[in-house]
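The values are calculated or read from the model by the stated rules, or taken from the named source; none is laboratory data. This structure is a prediction, so every number in the text was calculated from the model and none was measured. Cβ atoms come from the backbone with ideal geometry, glycine included; neighbour counts cover every protein chain shown. These accessible areas exclude ligands, DNA and RNA; they are computed on the full protein's heavy atoms, side chains included. Shrake-Rupley method; radii C 1.70, N 1.55, O 1.52, S 1.80 Å.
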Amino acid sequence: MDSLDLQALTLARDWHTAGHAVWLVTVLDTWGSSPRPPGALLVLRDDGTVAGSVSGGCVEDDLIARVRDGERVTHPSVVSYGISKDEAARFGLPCGGTLRLVVEPLQDPAWIGEVLARVARHELVARSLDLDTGATRLEDANRGEGFTFDGQVLRALFGPRWRLLIVGAGPLSQALAGMALALDFEVTCCDPRDSYHAAWNVPGATFTREMPDDVATAMALDPHCAVAALSHDPKLDDLVLLEALKSPAFYVGALGSRRHTAQRKARLALFDLTSDEIGRLHGPIGLDLGGNRPAEIAVSILAELIAVRHGVALVQKKPAVPLPGGVA
């Protein structure tokens, strides 16, 4: 669940509680190019106010117009957009794309409260909707599952949010934390050093002075977690790496030059880590984008992290000719 869907669900509950009629709109499937994936949510209020997104454009405008014109869906219904190329163009679907949606009236928002509470506990929960009866059911979900629709039952997954553990509280860590929050990561930074904690100022991120290995253990790193060791202090960075490289975390990276990275891997080999586990380390951390300022390095780290999360091959493109001022 990304922050857009989380906000949409929260508003759906609040609007219903305030006495509004509310509809949930869920992307069922797409053909061709579509800006939003199956499972993406939009919430539509009886006055045409919306939250969330199913297409990022004209489809939302059409849904709003339907409500304002008095159309009221009283039972879960499937709506299609872009069946023809002309329609796709009219609704802003690129490359002749087609979009199928389920529009459902929100009858009882109690399930939303439970979903939000479970997501806050980093649980993975599935919600099933029977289009024939309108019945909703919540159940535990497993890693690796995804959104499904068999023609009658829609099953959507919510949570946990992606998490990022940062070691070190310097300027690079603060830049990385701020950007990661904007990308829907739940961010935790740890740094036990007195010289750094007072300057930490990233609203929305959690800061702790506990030791990195203790924080990693307490977080119970899972496949939705990434770890960035950025303290530049081997005593701290190596501690978290010893825990993270043995965990299911999808990304583990450490700041340092190639020489320092080789030295770090030699140190790690002295402990109970296999060569495969050590080989999971992304170091030097980040893609080589040519920048050296904290924000530029943070962008390079997130670029690599996002590519790994989506299973994209990390291929370094040929460097562009830099323009004056260091802009490529």
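General observations
- Only one of the listed residues (V215, V187, V167, V125) is of a type in the set (V, I, T) and more than 21 Å from A244 (Cα to Cα). That residue is V125.
- Checked against (1) open to solvent by 20 Å² or more (accessible area, probe 1.4 Å); (2) out of contact with any helix residue (DSSP H, G or I) (no Cβ under 8 Å at 6 or more places or on another chain); (3) assigned to a helix (DSSP H, G or I), E243 passes all but a single condition, namely (2).
- Residues that are of a type in the set (D, E) and either open to solvent by 30 Å² or more (accessible area, probe 1.4 Å) or modelled with pLDDT under 90 (or both), drawn from the stretch 58-113: E60, D61, D62, D69, E71, D86, E87, D108
- Counting only residues that are farther than 14 Å from L172 by Cα, touching a residue at least 24 places away in the same chain (Cβ under 8 Å) and either of a type in the set (K, R) or open to solvent by less than 20 Å² (accessible area, probe 1.4 Å) (or both), the stretch 228-237 holds 2 of them.
- Check on R127, crowded, with 17+ Cβ neighbours inside 10 Å and modelled with pLDDT of 90 or more: yes
- Entry remark, the stretch 150-167: residues being in contact with a strand residue (DSSP E or B) (Cβ under 8 Å, 6 or more places away or on another chain), open to solvent by 60 Å² or more (accessible area, probe 1.4 Å) and farther than 16 Å from D5 by Cβ number 1 in total.
- Some residue of the stretch 136-149 being under 22 Å from S300 (Cα atoms), in contact (Cβ under 8 Å) with a residue 60 or more places away in the chain and surrounded by 16 or more Cβ atoms within 10 Å (Cβ to Cβ): no
- Taken together, T188, T261, T217 contain a single residue that is within 20 Å of S300 (Cα to Cα), among the β-branched types (V, I, T) and part of a helix (DSSP H, G or I), which is T261.
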